[in-house]
Amino acid sequence: MLLLLLLVASCAAIPQNVSEKMFTFPQETNTAHVRLTTSRQNLQAVTVCFRFFTDLTREYALFSLAVPSFDNGLLFYKNLNSFSVSVKNAEPIFEGLDFKLNKWHSVCGTWSAASGLVQLWLNGEPSSRKLSSTSNINGPIIIALGQEQDSHGGGFNAKQSFVGMMSDLHMWDYTLSPYEIRKYMNGRGYAKGNVLNWNSLDFQIIGRVLIENKQIAFQ
């Protein structure tokens, strides 16, 4: 039995190619999420890109990176009529982006400690660039999809949970150029993430989250 458990644990730790798949979050919950694993402990710049689909009309978290000193180390959050990208609890708000329900959206966010600037791209269209943290994100890092961490690895609230589908998540330790972001948005010829790579993703599903075949029409 012990050998079987060790084999299962070792298989679960092998990165998987989910390039033709998506995560489906089918219900509101304070438990279900996908935990992503990275060995990185110090980030001085970041780009995160992913695609998602939902009919939620309330607020919800999409991508939550926490470190012990900051629960919102890096948080992508959909407010009622805006988006926010928090870095080390500094929370710029991005208004006026063309967001519609029941549609696949491609999102990229960039941040650099050198400038402190954050920018959000939705379906190839950029937001204003806004000031956030000017210091590095230091680990140990825990990343959750579909929930907001109000503590390091936990503190979930069902009313902030994501219900919908998500796919094509990549994360880089530098800011992508507008040209590279548009290549990602179009789904053609972009460099895969060097921190998180959807084609070689180390993840753990907690609770009811399904892996299904991709259903994406690119923006």
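Here are a few things to note about the model shown:
- Residue within the range 179-187 that is open to solvent by 60 Å² or more (accessible area, probe 1.4 Å), under 23 Å from Lys103 (Cα atoms), out of contact with any helix residue (DSSP H, G or I) (no Cβ under 9 Å at 6 or more places or on another chain) and not hydroxyl-bearing (Ser, Thr, Tyr) present: yes
- Criterion: modelled with pLDDT of 95 or more and part of a loop (DSSP other than H, G, I, E, B) - qualifying residue of Thr47, Thr31, Thr24: Thr31
- Qualifying residue in the range 37-58 (condition: surrounded by fewer than 19 Cβ atoms within 10 Å (Cβ to Cβ), without any contact (Cβ under 8 Å) to a residue 60 or more places away in the chain, out of contact with any strand residue (DSSP E or B) (no Cβ under 6 Å at 6 or more places or on another chain) and within 30 Å of Pro15 (Cα to Cα)): yes
- Single residue of Ser112, Ser106 found to be open to solvent by less than 50 Å² (accessible area, probe 1.4 Å), under 23 Å from Pro26 (Cβ atoms) and either free of Cβ contacts under 8 Å to residues at least 40 places away in the same chain or of a type outside the set (D, E, K, R) (or both): Ser106
- Boolean, Gln149 is at pLDDT below 95 and assigned to a loop (DSSP other than H, G, I, E, B): no
- For Leu201, the conditions (1) open to solvent by 40 Å² or more (accessible area, probe 1.4 Å); (2) within 14 Å of the chain's Cα centre (by Cα); (3) of a type in the set (A, V, I, L, M) are fulfilled apart from (1).
Residue by residue, here is whether (1) touching a residue at least 24 places away in the same chain (Cβ under 8 Å); (2) under 21 Å from Leu176 (Cα atoms); (3) out of contact with any Gly (no Cβ under 8 Å at 6 or more places or on another chain) holds:
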| residue | (1), (2), (3) |
| --- | --- |
| Tyr77 | yes, yes, yes |
| Lys88 | yes, yes, no |
| Phe94 | yes, yes, yes |
| Lys100 | no, no, yes |
| Val118 | yes, yes, no |
| Lys130 | yes, yes, yes |
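- Some residue of the range 129-143 being part of a helix (DSSP H, G or I), crowded, with 16+ Cβ neighbours inside 10 Å and modelled with pLDDT of 95 or more: no
- Those residues of the range 53-77 which are farther than 23 Å from Asn138 by Cα and touching a Lys or Arg at 6+ places or on another chain (Cβ under 9 Å), in sequence order: Phe53, Thr54, Leu56, Arg58, Glu59, Tyr60
- Candidate set: the range 93-103, residues that are assigned to a strand (DSSP E or B) and over 18 Å from Phe52 (Cα atoms); chosen: the one most open to solvent (accessible area, probe 1.4 Å): Glu95
The values are calculated or read from the model by the stated rules, or taken from the named source; none is laboratory data. Since the structure is predicted, the reported quantities are computational estimates derived from the model, not experimental observations. For neighbour counting, all protein chains shown are included, and Cβ atoms are generated from backbone atoms with ideal geometry for every residue, glycine included. The protein model used for the area step is the full one, side chains on, heavy atoms only, and it has no ligands, DNA or RNA in it. Shrake-Rupley method; radii C 1.70, N 1.55, O 1.52, S 1.80 Å.
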